[in-house]
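First the structure, in the form of structure tokens, and then the observations on it.
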Amino acid sequence: MEHITANAAQILILLFLTITLLQSGIDKIMDWSGNLGWLKEHFSKSIFSGLVPLLLAIVLLMEMVSGILCAVGAFQFLVSGKSNMALCGALLSAVTLLFLLLGQRVAKDYEGAKTIVVYFIPTVFLIYLLQ
């Protein structure tokens with residue numbers, strides 16, 4: 001119980017990122033063609049237009065690995081109070097979100113880019129807490 005109370009903020013943000021990133025990754029797996037079709041249209045007038053399948057695969061991999069690392073990090077905090085996996089998960093989550101932000105900015109989807117920032121803020125705060 002001591003590990004939970006001493007690291008409550010970190011655990012909660014890790015769980016937030018776990019849910020967010022794994023759900024997003026699982027959605028991409030379950031509806032690959034739907035996501036691919038939408039993204040091809042979304043990036044049709046950008047420098048990423050011919051790279052959408054590759055970029056989608058990269059983002060999918062990053063989301064899944066980030067989400068898993070955050071889940072393992074939360075579990076590690078609960079069990080031992082250690083944070084090495086949590087920091088790895090938080091850092092990869094931040095990089096993943098920066099990739100997503102770049103995509104939204106390149107596609108000139110400024111509203112979508114603002115949404116990414118909402119996820120980025122607690123991620124950076126988590127990194128601060130873990131350092």
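As for the range 70-81, it holds no residue that is at pLDDT 95 or above, under 16 Å from Q104 (Cβ atoms) and either part of a helix (DSSP H, G or I) or hydroxyl-bearing (S, T, Y) (or both). Of all residues in the range 1-43, exactly one satisfies the criterion of being within 17 Å of the chain's Cα centre (by Cα), under 23 Å from V106 (Cα atoms) and either loosely packed, with under 12 Cβ neighbours inside 10 Å or among the β-branched types (V, I, T) (or both), namely T20. For the range 92-128, taking the residues that are of a type outside the set (G, A, S) and assigned to a loop (DSSP other than H, G, I, E, B), the one that is surrounded by the fewest Cβ atoms within 10 Å (Cβ to Cβ) is identified as K108.
The residue that is nearest to A6 (Cα to Cα), counting only those in the range 74-91 that are buried (at least 17 other Cβ atoms within 10 Å of the Cβ) and in contact (Cβ under 8 Å) with a residue 60 or more places away in the chain, is F77. The helices (runs of 4 or more DSSP H) found entirely in the range 1-69 that carry 3 or more residues being of a type outside the set (D, E, K, R), touching a helix residue (DSSP H, G or I) at 6+ places or on another chain (Cβ under 7 Å) and free of Cβ contacts under 8 Å to residues at least 40 places away in the same chain are 32-42.
The values are calculated or read from the model by the stated rules, or taken from the named source; none is laboratory data. Since we're looking at a predicted model, the values are computed, not measured. Using ideal geometry, Cβ is built from the backbone for each residue, glycine included, and neighbour counts are taken over all protein chains shown.
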